[in-house]
Amino acid sequence: MLTAHGSLGEFLVVVYIAVAIFAAILANRGGLPSWVSGIAHGLLSVQVLIGIILLIRNPSAAPWHHIVFGLLTIPALGLMFPLKKRLGATRGTIIGAIVVAVMITLAVITGLTR
C-alpha cells in the first residue's frame, strides 16, 4: 500500500501538470472536458484516503511536513472553484491545477526524503 501511495503521488504530479497544459491548449476549442479534471480529482481523493489509512496504521511513518503538504492539497483543490468564477473557466483551471501540482510535488519530495 505504501508503494501504491508513493507511485500515485508521483503520477498525480504529472496528471495535474497535464491538466494545466491541456486546459491552456484547448482554451479556444471549448476548453478541457470536465471529466478529465474529474478523474484527476478522484485520483487525488484516493491518494489522500490511502495516506490517511497509512497514517492511522503507523503515525510515525511519515514526517509531519509530508502530512501537512498532503492535507493542503484538499484546500488547494477547493481553490479551483472560486478561481474558475473569478478568472474564468480556462484560467481558473490552469492556475488551480498548477497550485495543486505544487502542493503534491512538495508532498512527494518530503515523502521521499524521510
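Summary of computed values
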{"quantity": "Rg/Rh (Cα only; Kirkwood hydrodynamic radius) as it applies to the range 10-114", "calculated": "1.02"}
{"quantity": "Separation of alpha-carbon centers, the range 74-106 and the range 37-73, rounded to whole Å", "calculated": "18 Å"}
{"quantity": "Solvent-accessible area, 1.4 Å probe, carbon plus sulfur percent, for the range 30-93", "calculated": "72 percent"}
{"quantity": "Per residue convex hull volume, Cα atoms of the range 3-43, in Å³", "calculated": "44 Å³"}
{"quantity": "Cβ-placed point charges (K, R +1; D, E -1), dipole of the chain about Cα centre in debye, nearest 20", "calculated": "300 debye"}
{"quantity": "For the range 39-45, 3J(HN,Hα) per residue [Karplus equation, 6.51 cos²θ - 1.76 cosθ + 1.60, θ = phi - 60°, Hz, x = Gly/Pro]", "calculated": "5, 4, 5, x, 5, 5, 4"}
{"quantity": "Accessible surface, per residue, of the range 20-114 when the full set of protein chains is kept, probe 1.4 Å, Å²", "calculated": "61 Å²"}
{"quantity": "Surrounding net charge for A97, when Lys and Arg each add one and Asp and Glu each subtract one, Cβ distance under 13 Å", "calculated": "+2"}
{"quantity": "Nitroxide proxy distance, nm - points 7 Å out along Cα→Cβ at F81 and I25", "calculated": "2.9 nm"}
{"quantity": "0 to 90° range, to nearest 10: angle between helix 89-112 axis and the chain longest Cα axis", "calculated": "20 degrees"}
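The values are calculated or read from the model by the stated rules, or taken from the named source; none is laboratory data. Remember, predicted model here, so these are calculated numbers, not experimental data. Heads up, the Cβs are rebuilt from the backbone with ideal geometry, glycines too, and the neighbour counts pull from every protein chain shown. The accessibility values were calculated without ligands, DNA or RNA, using every heavy atom of the protein model including side chains. Shrake-Rupley method; radii C 1.70, N 1.55, O 1.52, S 1.80 Å.
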